[in-house]
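**Q** Got a structure for you, written out below as structure tokens; questions coming shortly.
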Amino acid sequence: MTVFIAMGDRVWNTAIWRKTWGDQRGLVLAFAALWGVFPWLFLWLSAQIPMLAFQDVLLQAIPKDWQRLSGVPFSEVATHAGRVALAFVDPVVVLAATVWGITRGSDAVSGQLERGTMELLLAQPVQRKAVWVTQALATTAAAACLCGVLALSVCAAVAYGPWAGKVEPDRFLLPVANVFGLMVCLAGISACVSAADSYRWRTIGAMSGFYVFSLLAKLVGRMSGAFGWVGYLSFLNAYEPQRLVGDPAVGWTNLFVYDASFPLLLRPTESAAANLVVYDGILLGVGCVAYVIGGVIFCRRDLPAPL
């Protein structure tokens with residue numbers, strides 16, 4: 001016991017790390033299995049529709065005005081690379097990334113307070129900032145691992161699936177990086193809200209409302225000319241994996257550099273001065289800032305007494 005107390009934070013940082021990974025292990029394994037299988041199933045189902053039939057429907061039957069919702073011209077979607085890119089805007093990927101961010105972020109403080117484990121944890125010789133930083137790092141590291149599984153699965157499905165040889169697998173690494181940015185962003189915002197609350201259900205409700213608002217703001221900003229400015233209110237405009245599928249050199253540029261009017265326009269800009277907004281820069285930046293703000297709130301707030 002003396003050795004345990006003398007080592008102080010070092011022992012408990014290790015214990016917190018193990019506890020945090022234990023809490024998210026089930027979700028990690030479930031999402032890893034889901035994302036490991038989904039790209040193969042998606043490409044197999046997509047290959048059941050011949051390319052010519054897909055092009056006829058997409059380019060002729062669907063109104064051109066709907067291209068605003070697509071994010072990229074239909075002519076780019078009606079290619080092998082474009083059809084693979086649709087996997088990254090499929091609900092299986094988007095909702096899984098959203099569920100991960102909200103679930104793990106909401107558990108940072110309010111989830112543990114609601115379960116009554118936070119009081120037991122802080123009763124030990126450990127600092128609040130150690131609890132907060134460990135949870136943030138574990139959540140981010142697990143998100144990176146999940147995106148690694150997704151990247152391997154997508155590349156393998158493209159290289160050895162029904163469209164083998166028709167598109168380069170490395171073209172889809174950038175969309176995976178955009179998925180990672182989305183997960184970190186939502187996890188950071190959720191953790192920030194969790195740090196100021198005491199009930200996980202309320203944190204999840206607030207984040208669900210925020211996500212729906214962001215989704216609607218993105219749609220309104222793209223479809224409405226008069227209310228196009230509403231698009232600036234949505235962080236989801238920085239999630240555009242379809243635009244990152246193309247020439248790898250151009251893709252890396254677009255991942256970190258994009259025109260400042262991205263919520264409103266669908267065309268790229270040739271002006272270097274306008275290339276101010278960054279895709280993953282926005283998502284990762286918002287997530288990191290939210291984690292910092294949440295950490296300050298958590299370290300300074302009064303925690304409610306256990307019931």
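The values are calculated or read from the model by the stated rules, or taken from the named source; none is laboratory data. Just so it is clear, the structure is predicted and the values come from calculations on it, not from any experiment. Cβ placement follows ideal geometry from the backbone for every residue including glycine, while neighbour counts extend to all protein chains displayed.
**Q** Among all residue pairs at least 6 apart or on different chains, which show Cβ distances below 7 Å where the first residue, located in the stretch 219-238, is without any contact (Cβ under 8 Å) to a residue 60 or more places away in the chain and closer than 19 Å to M207 by Cα and the second is aliphatic (A, V, I, L, M) and surrounded by fewer than 16 Cβ atoms within 10 Å (Cβ to Cβ)?
**A** Going by the 7 Å Cβ cut-off, the qualifying pairs are L236/L215.
**Q** Inspect the stretch 207-216 for any residue being touching a residue at least 24 places away in the same chain (Cβ under 8 Å) and among the aromatic types (F, W, Y) and give the result as yes or no. Please lay out each step first, then the result.
**A** Of all residues in the stretch 207-216, those touching a residue at least 24 places away in the same chain (Cβ under 8 Å) come to 207-208, 211.
After this cut, where a residue has to be among the aromatic types (F, W, Y) as well, the list is 211.
Yes, that holds for at least one residue.
**Q** Does any residue in the stretch 107-132 that is of a type outside the set (K, R) come within less than 6 Å, Cβ to Cβ, of a residue that is not in a helix (DSSP H, G or I) six or more places away or on a different chain, and which pairs are these?
**A** S110/D197; S110/S198; S110/Y199; L113/S198; E114/Y199; G116/P306; E119/P306; P125/G8
**Q** Looking at S194, S214, S198, S224, which one is hydroxyl-bearing (S, T, Y) and modelled with pLDDT of 95 or more? Break it down into steps so the answer makes sense when it comes.
**A** Numbers: S214 fails: modelled with pLDDT of 95 or more; S198 fails: modelled with pLDDT of 95 or more; S224 fails: modelled with pLDDT of 95 or more.
Going through S194, S214, S198, S224 in turn, just one is hydroxyl-bearing (S, T, Y) and modelled with pLDDT of 95 or more: S194.
**Q** Of these, E119, E114, which one is of a type in the set (D, E), in a helix (DSSP H, G or I) and touching a Ser or Thr at 6+ places or on another chain (Cβ under 8 Å)? So that I can check it myself, show each step before the final result.
**A** Working: E119 fails: touching a Ser or Thr at 6+ places or on another chain (Cβ under 8 Å).
It is E114.
**Q** Mind listing just one residue for me: the one in the stretch 82-125 that is in contact with an Asp or Glu (Cβ under 8 Å, 6 or more places away or on another chain) and within 25 Å of G181 (Cβ to Cβ) and, of those, surrounded by the most Cβ atoms within 10 Å (Cβ to Cβ)?
**A** It comes out as V109.
**Q** Continuing with this model, one more query. Here are A32, A61: which of them is out of contact with any strand residue (DSSP E or B) (no Cβ under 9 Å at 6 or more places or on another chain) and either under 29 Å from G148 (Cα atoms) or at pLDDT 90 or above (or both)?
**A** Values: A61 fails: either under 29 Å from G148 (Cα atoms) or at pLDDT 90 or above (or both).
Just a single option satisfies the conditions, and that option is A32.
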